[in-house]
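Student: Pasting a structure here, questions to come.
The values are calculated or read from the model by the stated rules, or taken from the named source; none is laboratory data. The structure presented is a predicted model; accordingly, all values stated were derived computationally and were not measured. Here the Cβ is made from the backbone with ideal geometry for all residues, glycine too, and neighbour counts use every protein chain on show.
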Amino acid sequence: MMNKNIRNRGMLIVATTLLGIGAVIANSDSLVLATPEAKMHLDEGINAIQSGDTETAMTHLKAADELLSAGEAKMHLDEGINALQSGDTEKAMTHVKAAQSALTG
């Protein structure tokens, strides 16, 4: 009987922990599973902006944008894309770096 109570408590602790982890992931600023790929696209977008290749930069930034959910990183990325579309590479770089920082914490 005691082993059954211990096992039930253990199951309750595991279930509570998993629910808590799920809540943290659901409330995060960006889609956790997409972060490595989105970060790679942000890195490539930054490199392209720095080298003056706005077309390649836009390709990577839009790819990153598709991978992110709502949150600080997505907001900065959207602002960076808008700035790049209007030709303001300095403002684009500021926002894309802020998006990258939001993803890496």
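Student: Suppose we keep only residues that are of a type in the set (S, T, N, Q) and farther than 17 Å from residue 102 by Cα within region 46-69. Which one would you say is surrounded by the most Cβ atoms within 10 Å (Cβ to Cβ)?
Tutor: 54
Student: Across region 70-102, what is the total count of residues that are crowded, with 21+ Cβ neighbours inside 10 Å, more than 16 Å from residue 47 (Cβ to Cβ) and in contact (Cβ under 8 Å) with a residue 40 or more places away in the chain?
Tutor: 2
Student: Let me ask something else about it. In this structure, is residue 3 modelled with pLDDT of 55 or more and loosely packed, with under 15 Cβ neighbours inside 10 Å?
Tutor: The answer is yes for residue 3.
Student: Between a residue in region 37-60 that is closer than 12 Å to residue 77 by Cα and any residue that is assigned to a helix (DSSP H, G or I) and acidic (Asp, Glu), which pairs come within a Cβ distance under 7 Å, given they are 6 or more apart or on different chains?
Tutor: From region 37-60, the pairs are 60/44.
Student: From (1) over 14 Å from residue 39 (Cα atoms); (2) modelled with pLDDT under 95; (3) of a type in the set (A, V, I, L, M, F, W, C), pick out the condition that doesn't hold for residue 81.
Tutor: Condition (2) is where residue 81 drops out.
Student: Okay, next question. Considering 30, 51, 69, which residue is at pLDDT 95 or above and polar (S, T, N, Q)?
Tutor: It is 51.
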